[in-house]
1. Suppose we filter 48, 23, 57, 72 for residues that are touching a His at 6+ places or on another chain (Cβ under 7 Å) and at pLDDT 95 or above; which single one remains?
2. Keeping to the stretch 26-73, report how many residues are hydrophobic (A, V, I, L, M, F, W, C), within 20 Å of residue 12 (Cβ to Cβ) and not in a helix (DSSP H, G or I).
3. Check residue 22 against each of (1) within 21 Å of residue 98 (Cβ to Cβ); (2) surrounded by fewer than 17 Cβ atoms within 10 Å (Cβ to Cβ); (3) in contact with a Ser or Thr (Cβ under 8 Å, 6 or more places away or on another chain) and name the one condition it does not meet.
4. Could you check residue 29 against (1) over 19 Å from residue 97 (Cβ atoms); (2) exposed (fewer than 14 other Cβ atoms within 10 Å of the Cβ); (3) under 12 Å from the mean Cα position of the chain (by Cα) and say which number it fails?
Amino acid sequence: MNDTQRKMKETMDKALANNHRNVPATTAESLERYVLYGIPAGGFVTAVLENNLIGAVARADSTNAAHLTSIVIYVYNVLPFKATGSHDSVVNWVSSKGLTFP
């Protein structure tokens, strides 16, 4: 793990422990892998990252559906702006391997 990844992981962990406790653990883990390493997320998380509300609602399991607002607020407040917002942003983030640059 490089310094950039380590700092982002600390930021994400701190946010989850403090202000974003309602984000389900499995969703937080998927978001962490995506942000740090560019590992593609599942359909629900990808829809959230792409700002695709209809897709997120359609793909959410009961836990993620119950916490959708908390997940979206976490993504908006904590994740790098370049990693979210559109399909192209997500594809580019995955192609660049997340924060794996030195």
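The values are calculated or read from the model by the stated rules, or taken from the named source; none is laboratory data. These figures come from a predicted structure and were not determined experimentally. Here Cβ is always computed from backbone atoms with ideal geometry, including for glycine, and neighbour counts include all displayed protein chains.
1. Exactly one residue qualifies, and that residue is 23.
2. 2
3. (1)
4. Only one criterion in (1) over 19 Å from residue 97 (Cβ atoms); (2) exposed (fewer than 14 other Cβ atoms within 10 Å of the Cβ); (3) under 12 Å from the mean Cα position of the chain (by Cα) is unmet by residue 29, namely (1).
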